[in-house]
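Below is one structure; the comments refer to it alone.
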Amino acid sequence: MAAAGAGRLRRAASALLLRSPRLPARELSAPARLYHKKVVDHYENPRNVGSLDKTSKNVGTGLVGAPACGDVMKLQIQVDEKGKIVDARFKTFGCGSAIASSSLATEWVKGKTVEEALTIKNTDIAKELCLPPVKLHCSKLFLTEEKTQLSS
């Protein structure tokens, strides 16, 4: 009887988590793994979430996923006639570290040329957010050591 009750509680807790995708990070973190305040800030207050007009000639769209953990990110940048990134938007399906990495990265690329933005490494993002080694793959959603080109 106790096992059946425990199973029912697990299912109820899972259902609540699925209905509440924006639980505060402090409620999601286990005592053994607390997130740095920068991660929590970007998770709870993500910058540049949304989409740009994908039909615009000066908007590039990239989509990348991490099969190991199921994180997926869409990034869009808007570039002016001089090659400067004037806007960046993202949508990320993933953990708090992936969302925080995406948010920070969009802040960093604004105002840079595409060439300058491509010099940012995922390790730079991970270092700024103080990501633990187990979460380094989250920063790779946005930028990797090897350069990838966004498609228009």
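What are the residues in region 43-63 that are open to solvent by 60 Å² or more (accessible area, probe 1.4 Å), over 12 Å from Ala100 (Cα atoms) and part of a strand (DSSP E or B), if any?
Matches in region 43-63: Leu63 only.
Scan region 75-86 residue by residue and report those that are surrounded by 16 or more Cβ atoms within 10 Å (Cβ to Cβ) and out of contact with any helix residue (DSSP H, G or I) (no Cβ under 9 Å at 6 or more places or on another chain).
Passing the criteria: Gln76, Gln78.
With Ala66, Ala98 as the choices, which residue is surrounded by fewer than 20 Cβ atoms within 10 Å (Cβ to Cβ) and modelled with pLDDT under 90?
It is Ala66.
What's the number of the only condition in (1) open to solvent by 30 Å² or more (accessible area, probe 1.4 Å); (2) of a type in the set (A, V, I, L, M, F, W, C); (3) in contact (Cβ under 8 Å) with a residue 24 or more places away in the chain that Phe93 fails to meet?
Failed condition: (3).
So which of Val72, Val40 is within 30 Å of Lys112 (Cα to Cα), open to solvent by 30 Å² or more (accessible area, probe 1.4 Å), modelled with pLDDT of 75 or more and in a strand (DSSP E or B)?
On inspection, the qualifying residue turns out to be Val72.
Is it true that some residue in region 109-120 is open to solvent by 40 Å² or more (accessible area, probe 1.4 Å), in a loop (DSSP other than H, G, I, E, B), modelled with pLDDT of 85 or more and polar (S, T, N, Q)?
Checked against the condition, which is being open to solvent by 40 Å² or more (accessible area, probe 1.4 Å), in a loop (DSSP other than H, G, I, E, B), modelled with pLDDT of 85 or more and polar (S, T, N, Q), region 109-120 yields at least one hit.
The values are calculated or read from the model by the stated rules, or taken from the named source; none is laboratory data. Bear in mind the structure is a predicted one, so any value in this text is a computation, not a measurement. Methodologically, a virtual Cβ is constructed for each residue, glycine included, from the backbone with ideal geometry; neighbour enumeration extends over all protein chains shown. Calculation scope for accessible area: heavy atoms of the full protein, side chains included, ligands and nucleic acids excluded. Shrake-Rupley method; radii C 1.70, N 1.55, O 1.52, S 1.80 Å.
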